[in-house]
Every structure is written in structure tokens, then in C-alpha cells.
Amino acid sequence: MHSSILSIHSHRLMQFLVILALVIALFAVLFAIQNTDVVTINLFNLTFEERLALVLLLTLAAGVLIGLLVSIPALIRRSMRVSGVRRELEELGWRFQEKDKEIASHQQSTHLVRQQNAELLRALGNFEPKTGLLRSDLVIPSVTYLLQRMADNVHDPRYNSVSVYEIDPYPETEELFVNPTVQSQWLQAVAARLQQTILPDSWLYHDGRGRFVCVIPGLTTKSASEYGEALRASLAEESLQLDDGSTLPVVVSIGGAIAHFMEHVDSYFLLQQADEALDHAKRRGRNRFRLVEARGGTN
């Protein structure tokens, strides 16, 4: 937007300068036609006579030439600065390309590690078959592990908190949900949508009956709230597409609980807080999200 405005102003300035040059040329021609008197010119020991109009035009041309000569150093300096900036931009572009390659290589390595971990978890039977997500009975040991890491790494920002989200989606048209095939496709579509939305450090679980759980460490209260809203919006604001091309709108309630490193809570208490937040979200209406901060407590 800003560059386009500058381009328009530059174009108008060039048009104005062209018109001004034509006007000056016209006045010069008229002056030459109307002033044919001869004048004597003395320059050092030289004396010669010439028409007044030609003398004035030559004087004007000399002034223009002098102006150009004076401006040449500034033009050279500007050209050198532009060349220097261009070289810096080329160098920055090269550095960005190198960084992009490093990031791509790192992402590829990360993706490979994730695939290997997924294969290991699948071999151990830790995936729920309907959605391919982690089994919900693994939530407690996973949260317990993260809470222990948080207690042991109080200065590590990756483990300064643990957040748990209980996600309860259901189709807006429940009559279609009695079909087992539609139900299976819908659960897979919900899982796929959540997997597209979650952050890299998230762990996603499913209980096999439509209740999902997301666990993630390292969020602040503000970012945990924003994350919960992002999860809600990903399901509530766009219908899910099934394998046959049909779509089903989703109604979802999400309850979240976050435990900070200074709070001494256990995994059961944290999950209970998330479950209570989910109940509160359901009482508030459709497509609601509620986040609570888990204060010290154990079950």
C-alpha cells in the first residue's frame, strides 16, 4: 500500500517536470524569436558580438551543465549507497536461504523422529483404533510425567506449566450419528481437524466414545486461553467433511485447567479441574470454552 502510493507520487512528479521543461523550452524559443539584437561580449581579452537571444540561451545551458556537474558527486554517492544496500540485501537473502534450508532439514528430522515414535507407540498398542490417537487411559501417566518434569525443571520454560483440555464435540444433527459408518468417519474427521490445529508439543488422546483430551506443557495462562479458543474455533466455525463429501456442523464444549510450577497438584486433581471446567462450559451454552488455574490440591 505504502509503496504503491510512493509510485503514484513519483509518476506525477515526473509528469510535472516534463511539462515544466516543455514550458521553459517554449519560452526560450519565443525569447529567441523576439530578441534579435546584437550585443558585444567581453571575456578576458576576447571580444565578440552575438545575438542577445543566443547569448542568454547559451548562458542558460551553461547553468544547467554546471548544475549537472555539481550534482554528479551526490549521484555517485547515492549510487554507491544503493549498491552497498543491494549487496547487503543479497547477502541477507543468501543467509535467509541457508536458514530456510536448516529449518527444512530440522523439520524433516523432527518429522522422522515423530514417525518413529508413532511407530513405536503403535507397536506397543498405545493408539486408540477409531482415530489413531493415543488411548485415553494414558492421560494420567502422561500428565504425571509432565508434572514431575515441571517440578524437577523449575527454570526450564518448556516445563513451567502443564495444561489439560477436555474436548467434547458432537454433531449438530444427531440423527445422522446413529449410523456407525458416519460415526466412525465423523470421529476420524474430528481427530484430523484437531491434529491440524494442535501445537507441536501437544499430546492428543481419545477415549473411543467421542471424548478427546489434549495435554501440552509450557504455556502461560494467556497463551493457554488462546490455545483453548483456537481448539474450539477449529471445530465450531467450520463443518467437518466426511468421506462421502457430505458435511456435518460441530457443536463443541471445552474445559481446560492449567497448573503452574509453583502449584503442587497431582494429575488426578488437574484432570478433575479440567472436567469441572468442561461442565461449566456446557452449562453456559453451545460452543463454549472455559479455562481454570489449578491451585494446590491432590486427590
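The values are calculated or read from the model by the stated rules, or taken from the named source; none is laboratory data. What you are looking at is a predicted structure, and each value in this text was computed from that prediction instead of being measured. Using ideal geometry, Cβ is built from the backbone for each residue, glycine included, and neighbour counts are taken over all protein chains shown. Please note that ligands, DNA and RNA were not included when accessible areas were found on the heavy atoms of the full protein model with its side chains. Shrake-Rupley method; radii C 1.70, N 1.55, O 1.52, S 1.80 Å.
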- Picked from the range 24-63 (must be among the small types (Gly, Ala, Ser) and in contact with a helix residue (DSSP H, G or I) (Cβ under 8 Å, 6 or more places away or on another chain)), the residue modelled with the lowest pLDDT is 32
- Note on the structure: The correct count of residues that are open to solvent by 40 Å² or more (accessible area, probe 1.4 Å) and not in a helix (DSSP H, G or I) in the range 224-240 is 3
- Residues that are out of contact with any Cys (no Cβ under 8 Å at 6 or more places or on another chain): find the strands (runs of 3 or more DSSP E) completely inside the range 150-223 holding 2 or more of those. 161-171, 212-217
- Query: Of all residues in the range 270-280, which are out of contact with any helix residue (DSSP H, G or I) (no Cβ under 9 Å at 6 or more places or on another chain) and surrounded by 20 or more Cβ atoms within 10 Å (Cβ to Cβ)?
  - Reply: 273, 274, 277, 278
- Condition broken by residue 252, with the remaining ones in (1) assigned to a strand (DSSP E or B); (2) out of contact with any Pro (no Cβ under 6 Å at 6 or more places or on another chain); (3) touching a residue at least 60 places away in the same chain (Cβ under 8 Å) satisfied: (2)
- Is at least one residue of the range 229-252 farther than 26 Å from residue 180 by Cα and touching a strand residue (DSSP E or B) at 6+ places or on another chain (Cβ under 8 Å)? yes
- Give me the pairs: first residue in the range 276-288 and over 13 Å from residue 229 (Cβ atoms), second residue among the hydrophobic types (A, V, I, L, M, F, W, C), beta-carbon distance under 7 Å, and six or more apart or on different chains, which are they? 277/257; 277/291; 277/292; 278/254; 286/251
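Restricting attention to the range 255-269, which residues are in a helix (DSSP H, G or I) and open to solvent by less than 70 Å² (accessible area, probe 1.4 Å)?
Initial filter on the range 255-269 (in a helix (DSSP H, G or I)): 267-269.
Matches in the range 255-269: 267, 269.
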- If you check residue 193 against the conditions, is it open to solvent by 60 Å² or more (accessible area, probe 1.4 Å) and among the basic types (Lys, Arg)? no
- Selection within the range 251-265 - among the aliphatic types (A, V, I, L, M) and modelled with pLDDT under 85: 262
